[in-house]
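Scroll down for the structure; my scribbles are underneath it.
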Amino acid sequence: MRIRFALAGLVAALVAAGAAQAQDFKPRIVRFGYGLVDNSNQGRAARMFAQEVEKASGGKMKVRAIGNASLGSDTQMQQALIGGAQEMMVGSTATLVGLVPEMAVWDTPFLFSSAKEADAVLDGPVGDKIKAKLEAKGMVGLVYWENGFRNLTNSKRPVARLEDLNDIKLRVMQNNVFLDSFKALGANAVPLPFSELFTALETRAVDGQENPYNTIVSSKFYEVQKYLTVTNHVYSPWIVTVSKKWWDGLSTAEKKVLQDAAIKSRDFERKDTREEAAKALADLKGKGMQVNELSAQEANRMREKLASVNAGIAKSVGQQTWDEVNAAVQQMRNA
Ligand code: TK8
């Protein structure tokens, strides 16, 4: 009799535990969109994130990593997140500037001089503060991933001097900092979504573009771009975001699974990106790209021209944000 009671109690406890778990995790499909091809640093990290979420939720949350901008360009996916039609994405912070002006601070030319500085500032208090501004716009920012230091490619000529940019029609991201920066350098800058870039280069609607080595490799830009100039003119972050409409309906346990997996994916993505970038230049040369570095003198001329956009960035992000970010960079440099 006693044993029977004990057993009944145990069963009841197990049922209760099961019910609690079932309440914590509902079966969910999470569409996670991104712009690059499946075989890219973005794709690899998206799949890693998907595995982590599935494992940590006991198979209840299934993340569908959907690349190639199949769900839309960065800005289209943002709108889908805001409206609640898509759950998650990763994309450039540069395309969020229209929603959160402070994001433009990450587009400041030569802001970071190393990945270590970028990690510390993006993952630190000011990075969090800017990320948190997305909530009022209908998105929740989880983590920053690395897109990386950007370099210039084109199909016209090697860019060795600033003047070589003069009649180059250059695709830039859809944001005023990039537009102003390349206008300041003398290029004919044209904003275009990334999803239209390969075709635009192939048909010569534009002559050039700028992106990290990894993307020049994964998007096969080497097939349509002959010249690569090592400029490292800006470090671009990516940011993993969630639809706030959808997020608000999740349990605490579900939110934690996404947050923890996002941090794991960030660490994985940065390591993977850096390893790939370290060998990408040799890859690109092997594919026939002609690579040149800028002389110290030309690099300085470029820096001086680009510094002219800083005042405009400070104004649009607000002096306080500008100062906080620059102080955080300085602190890293002095450490
Ligand atoms: C991918 C873009 C890309 C970015 C660009 O969707 O647009 O050039 O560097 O990574 O976000």
**OP:** Taking the Cα centre of region 23-129 as origin, work out the dipole magnitude from +1 charges on Lys and Arg Cβ and -1 charges on Asp and Glu Cβ, in debye rounded to 20.
**Re:** 580 debye
Original post:
Tell me, Kirkwood radius of the chain from alpha-carbon pair distances, in Å?
Top reply: 21.2 Å
**OP:** Could you rank the peptides 176-184, 247-255, 119-127 by their average count of other C-beta atoms within 10 Å per residue, with the highest value first?
**Re:** 176-184, 119-127, 247-255
Subject >> Integer Hz, Karplus 6.51/-1.76/1.60 couplings in order for region 193-203, x for Gly and Pro >> reply: x, 4, 4, 9, 5, 4, 4, 5, 6, 5, 8
Original post:
What does the charge dipole of region 209-335 about its Cα centre add up to, to the nearest 20 debye, if the Cβ of each Lys and Arg holds +1 and the Cβ of each Asp and Glu holds -1?
Top reply: 80 debye
Subject >> Rounded to the nearest 20 debye, dipole of the chain from Cβ charges on Lys, Arg, Asp, Glu >> reply: 860 debye
Original post:
Lys226: which aspartates and glutamates have alpha carbons under 15 Å from its alpha carbon, excluding same-chain residues fewer than 8 sequence positions away?
Top reply: Asp164, Glu202, Asp207, Glu210, Asp283, Glu293
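Within a 10 angstrom radius of the beta carbon, how do Ser195, Ser308, Ser219, Ser92 rank from fewest other beta carbons to most?
Least crowded to most crowded, the residues run Ser308, Ser195, Ser219, Ser92.
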Subject >> Spatially proximal aspartates and glutamates relative to Lys129 (Cα-Cα < 16 Å; intrachain offsets below 8 disregarded) >> reply: Glu102, Asp119, Asp323, Glu324
**OP:** Name the lysines eligible as straight-distance cross-link partners of Lys55: C-alpha to C-alpha under 26 Å, and not fewer than 8 places from it in the same chain.
**Re:** Lys26, Lys244, Lys245, Lys255, Lys256, Lys264, Lys271
**OP:** Please identify the helices of the chain, taking whole runs of DSSP H, that span at least 18 Å along their own axis as judged from the Cα atoms and have a mean Kyte-Doolittle score of 0.0 or higher.
**Re:** 2-24
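Rule-based calculations on the coordinates, nothing more; no lab input. From a predicted model like this one, the values you see are computed outputs, not experimental measurements. Quick reminder, even Gly has a Cβ in these numbers, built from the backbone with ideal geometry, and neighbours come from all protein chains shown.
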